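Q: Encoded as structure tokens, here's the structure I'll be asking about.
No lab work stands behind these numbers, since they all come straight from the coordinates. Remember, predicted model here, so these are calculated numbers, not experimental data. Here the Cβ positions follow ideal geometry from the backbone for every residue, glycine too, while neighbour counts run over all protein chains shown.
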Amino acid sequence: MRPLDERRLPDTTRLNQAALRVALRLQEAESSLKLIPFYLRHDTRYAGAAVMKISLLLLLGVSIVTGCATSITSRKEERLSSYNALPAEQRLAVDTGQIKVGMSEDAVYIALGKPSQVVRGESSAGPINTWLYLGTYFDEYRGWGYYGNYHSYRGRSYTAPYMTYDYVPRNYVRTEVRFEQGVVKEWRTLPGPAY
């Protein structure tokens, strides 16, 4: 699977870009059927499992997209006084899920949500907090599987091998935000692993 070239995306909000990424991944998975192991595609006994797997993937994609749409709104309501105290430029960035240098921890929380990890440290300027946001990608795993049917040839029994594919979720650091004295000093978005 090729990584999504974000330069070709239209200039829209981050939410629309996330929805587009999910839709493209679901479209690629559905068209290539690589997410369904070989035995599920060629043995009618497992057709129900194949349909269930595709249905779960589609449900997961829809829930991710709809969950992102309401999360910024709910976080704004949760910290309404902090949101109202932001300058207009920062409020606009928070509404689109973006962060800028100089934002407070509350503004970053509203824009990106709760961090996956918080790393605490200290420098000559004082305490440093680094918020890490994790992303997930699926690593392809290939291996040999064996049908449960035993075949007999001249008195010897054996199973028929087949190549199987599976995808294992892996985490990586997607975004890193560094705070000094409660204010963003620097942030960066890290690329996901190449497929």
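Q: Check which residues have an amide H placed less than 5 Å from residue 167's amide H, if you skip close sequence neighbours.
A: Amide H neighbours of residue 167, under 5 Å, 5+ apart: 141.
Q: Can you work out the FRET efficiency for the pair residue 163 and residue 134, with r the C-beta to C-beta distance and R0 = 30 Å, to the nearest 0.05?
A: About 0.45, to the nearest 0.05.
Q: For an R0 of 25 angstrom, estimate the FRET efficiency from the Cβ-Cβ distance between residue 172 and residue 118 and round to the nearest 0.05.
A: 0.90
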